[in-house]
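Notes for the one structure printed next.
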Amino acid sequence: MKKFSTTVILMLILCAIPMAYASIQPVNYQDVDEEPIYEVYDAATKKWSVTKLDRNPVANGGDENFWNIVNSQMMYPDRAQRAKLEGDVILAMTISEKGQLVELKVKQEVGGGCEEEAFNAIKVAATNRFIPALLDGKPVKVRYDVSINFSLK
């Protein structure tokens, strides 16, 4: 019985280790005080261009709720903790004109399973969809980067 209670306590302590913290803002800011810049897809030319939007994409339920879901889905991977790996995983998100996450790519890795954790957490949070970005009053497909920080502190 003592061995069982020790195991349960140990599991509770391990679960209480700080999880990864997600940055709430896209990482492609030109300056901290400026609005984020998004890439917009032009179906006619089949090219992406950087532009300022009328309205940025917003997660249904709000961006804060989106990042709360992301944080609740992530655990710091054991491999990364043992190797003392820290840093930012950067993911490129593409949101369609209908507000769906249509593409998610890893742009910067940390290793130790951090990319998989971040990728899967974003996928789960994105099932609630987004309110699409608007340009000239019309919904547009956009691509932007998000950063998820993994820190042992």
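Taken together, the values in this text are just the output of simple stated rules run on the coordinates, not laboratory data. Since the structure is predicted, the reported quantities are computational estimates derived from the model, not experimental observations. Here the Cβ positions follow ideal geometry from the backbone for every residue, glycine too, while neighbour counts run over all protein chains shown.
Couple of notes before you dig in:
- Pick from region 44-95, criterion of a type in the set (Val, Ile, Thr) and without any contact (Cβ under 8 Å) to a residue 60 or more places away in the chain, ranking: farthest from Ser147 (Cα to Cα): Thr45
- Selection of region 110-147 for residues being of a type in the set (Gly, Ala, Ser), surrounded by 19 or more Cβ atoms within 10 Å (Cβ to Cβ), over 13 Å from Ser96 (Cβ atoms) and in contact (Cβ under 8 Å) with a residue 40 or more places away in the chain yields Ala118, Ala121, Ala125, Ser147.
- Search result, residues across region 102-123 that are within 20 Å of Lys47 (Cβ to Cβ) and in contact with a Ser or Thr (Cβ under 9 Å, 6 or more places away or on another chain): Val102, Glu103, Lys105
- Counting residues in region 124-131 that are of a type outside the set (Val, Ile, Thr) and closer than 20 Å to Asp42 by Cα gives one or more.
- Summed over region 103-138, residues that are among the aliphatic types (A, V, I, L, M) and under 29 Å from Arg79 (Cα atoms) total 9.
- Filtering region 97-117 to residues that are over 14 Å from Leu85 (Cα atoms) and of a type in the set (Gly, Ala, Ser) leaves only Gly99.
- Summed over region 38-48, the residues that are loosely packed, with under 10 Cβ neighbours inside 10 Å and farther than 18 Å from Gln100 by Cβ give a count of 3.
- Any hit, region 75-85, residues being among the small types (Gly, Ala, Ser) and in contact with a Gly (Cβ under 7 Å, 6 or more places away or on another chain): yes
- Helices (runs of 4 or more DSSP H) contained entirely in region 37-153, each with at least 2 residues that are under 12 Å from the mean Cα position of the chain (by Cα): 63-73, 114-125
- Flag for Ser96 being polar (S, T, N, Q) and surrounded by 16 or more Cβ atoms within 10 Å (Cβ to Cβ): yes
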